[in-house]
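Notes for the one structure printed next.
What follows is calculated from the coordinates using simple rules that are stated; it is not laboratory data. It should be emphasised that the depicted structure is a prediction, and the values quoted were computed from it without experimental measurement. Positions of Cβ are generated from backbone atoms using ideal geometry, with glycine treated the same way; all protein chains shown enter the neighbour counts.
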Amino acid sequence: MIDRGVARRYGKALFAIAEEKNQIDRFQEELHLIVSALTENPVFSKLLLGKAISIQEKKDLLHQLFGESFSKEVLHMLFLVLDKGREDYIPEISALFDALVNAAAGIVPVNVSTAVPLAEAELHEMAKMLQDKFKKPVRITAAVDRALLGGLKIQIGNTVYDGSVAHQLESLRKQLSK
C-alpha cells in the first residue's frame, strides 16, 4: 500500500527544486513520461517495479531510456526512489507533483466521469461554468465509466457530485427497501 505521506515528501522536494530552477513544466512533463511508460508498457513496468533485476540494473535502464532527455534532478529523484525500494510510489509522486503545480497556479482540478465520451464543446462549456462558479481557472480531466449508465459524476477535491443514473437507481432502491 502506498503511503501518501512518503510520496508527498518526494513530490514536495522535487517541486521545490523545480521552482528554484524555474523548471516546473519540464519536471512535470518528465514525470508524466515515466508514468506513461509504466502504464503503457507492461514489460518496462514489470522490469522497473518487479524484482527480476537489481537496483543498479534498474538505474541503468532508466539512464539508457531517459538519461539524455530527462533533467538530472528528476533522474536523481528516480534513482533515490529505487535506492529506497519505493518504485511503486512513482505514479503517486507524479500525481502529488501535479497537485502542487495546480495549487501554485491557482487551478482547480476537476475529474468528470460519464457513461459516454463528452464532446469538446461540452467540456469547454463545463469548464466555463465551473470557472465562473469558482472564480479560478479549472483543469478538467474527463473519463468514461460505462457503469454510470448515464449522467455524470464530478469530483472537485474531496467533494463528489454524483448525478449518474446508476447513483439515482441505487438511491431509489434504498428508498424502496425501507
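Only one entry of Arg8, Arg26, Arg4 meets the criterion of being within 18 Å of Glu68 (Cα to Cα) and either in contact with a Leu (Cβ under 9 Å, 6 or more places away or on another chain) or surrounded by 14 or more Cβ atoms within 10 Å (Cβ to Cβ) (or both), and that entry is Arg26. When we screen Leu62, Leu80, Leu75, Leu31 for residues that are under 21 Å from the mean Cα position of the chain (by Cα), within 24 Å of Asn111 (Cβ to Cβ) and in a helix (DSSP H, G or I), the only hit is Leu31.
When the range 144-178 is filtered for residues that are closer than 14 Å to Pro109 by Cβ and surrounded by 12 or more Cβ atoms within 10 Å (Cβ to Cβ), the ones remaining, listed by number, are Ile154, Gln155, Ile156, Val160. Looking for something out of contact with any Asp or Glu (no Cβ under 9 Å at 6 or more places or on another chain), surrounded by 16 or more Cβ atoms within 10 Å (Cβ to Cβ) and aromatic (Phe, Trp, Tyr) - is there at least one such residue anywhere in the range 58-75? No, because not a single residue in the range 58-75 is out of contact with any Asp or Glu (no Cβ under 9 Å at 6 or more places or on another chain), surrounded by 16 or more Cβ atoms within 10 Å (Cβ to Cβ) and aromatic (Phe, Trp, Tyr). For the range 90-109: of the residues being surrounded by fewer than 19 Cβ atoms within 10 Å (Cβ to Cβ) and in contact with an Asp or Glu (Cβ under 9 Å, 6 or more places away or on another chain), which is nearest to Val35 (Cα to Cα)? Per the criteria, the residue is Pro109. When the strands (runs of 3 or more DSSP E) confined to the range 92-178 are screened for residues that are of a type in the set (A, V, I, L, M), those reaching at least 3 such residues are found at 108-114, 138-144, 152-156.
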